[in-house]
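The next block holds one structure in the form of structure tokens; read it before the comments.
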Amino acid sequence: MKILKYGGMGLLALLLLIQLYPYGRDHNNPPVQASVAWDSPQTEALFRRACADCHSHQTVWPWYSHVAPVSWLVQNDVEEGREHFNVSMPAGRQGDADEAAEEVKAGKMPIKVYLPTHPEARLSKAEQAQLVAGLEATFGTYDE
């Protein structure tokens, strides 16, 4: 019993201590430098619903993104998402825009870890196909 008590207290102390580590708290949204000429309002709505938190400068930072170690994961996902594809940047600096449709089509996006806390990002097969077609129409297709 003592081991459980002290182990629990140690775990709680560790969780409190890691809150002091500053990574994962840079919850700024840089200025939007460009807007996208979406092929349709439906494509934009689907993108905003399923992709924008990680692929734009209009991230909505939920409460748990302020609590380590989850904040570290969220910050990393947003940074990585913006690095690969970012609709808030001017054309030519958006990253792999032409690959966006392929990632959605392959089921790689939105990432699985995002979906439990963002059920609105779950796309039906029809919505997924509509988003893929809209992304291709907006950004072009990926030519390997």
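Under the condition of being hydroxyl-bearing (S, T, Y), within 20 Å of the chain's Cα centre (by Cα) and not in a helix (DSSP H, G or I), the residues counted in the stretch 116-144 number 1. Summed over the stretch 106-132, residues that are more than 20 Å from D77 (Cα to Cα) and either touching a residue at least 24 places away in the same chain (Cβ under 8 Å) or surrounded by 17 or more Cβ atoms within 10 Å (Cβ to Cβ) (or both) total 5.
Return yes or no: is V60 exposed (fewer than 13 other Cβ atoms within 10 Å of the Cβ) and not basic (K, R)? Yes.
Quick check: anything in the stretch 3-23 within 20 Å of A133 (Cβ to Cβ), polar (S, T, N, Q) and not in a helix (DSSP H, G or I)?
Just the residues of the stretch 3-23 that are within 20 Å of A133 (Cβ to Cβ), to begin with: none.
Within the stretch 3-23, none of the residues are within 20 Å of A133 (Cβ to Cβ), polar (S, T, N, Q) and not in a helix (DSSP H, G or I).
How about the stretch 33-86: which of its residues are within 23 Å of G107 (Cβ to Cβ), touching an Asp or Glu at 6+ places or on another chain (Cβ under 7 Å), assigned to a loop (DSSP other than H, G, I, E, B) and not aromatic (F, W, Y)? Passing the criteria: only T59.
On inspection, A121 qualifies as closer than 14 Å to S56 by Cβ and touching a helix residue (DSSP H, G or I) at 6+ places or on another chain (Cβ under 7 Å). In the stretch 3-55, the qualifying residues are those that are hydroxyl-bearing (S, T, Y) and surrounded by fewer than 13 Cβ atoms within 10 Å (Cβ to Cβ), and the one that is nearest to V78 (Cα to Cα) is Y23.
Cβ contacts < 6 Å: first residue at positive phi, restricted to the stretch 82-97; second residue assigned to a loop (DSSP other than H, G, I, E, B) and buried (at least 17 other Cβ atoms within 10 Å of the Cβ), any location; separation 6+ or different chain. Result? Note: pairs meeting the criteria are G95/N86.
May I ask you to say which residue of G140, G81 is surrounded by 16 or more Cβ atoms within 10 Å (Cβ to Cβ) and touching a helix residue (DSSP H, G or I) at 6+ places or on another chain (Cβ under 6 Å)?
On the way: G140 fails: surrounded by 16 or more Cβ atoms within 10 Å (Cβ to Cβ).
None of the others qualify; the one that does is G81.
Every number here is computed from the coordinates shown, using simple stated rules; none is lab data. This one's a predicted model, so the numbers in the text were calculated from it and none came from an experiment. Positions of Cβ are generated from backbone atoms using ideal geometry, with glycine treated the same way; all protein chains shown enter the neighbour counts.
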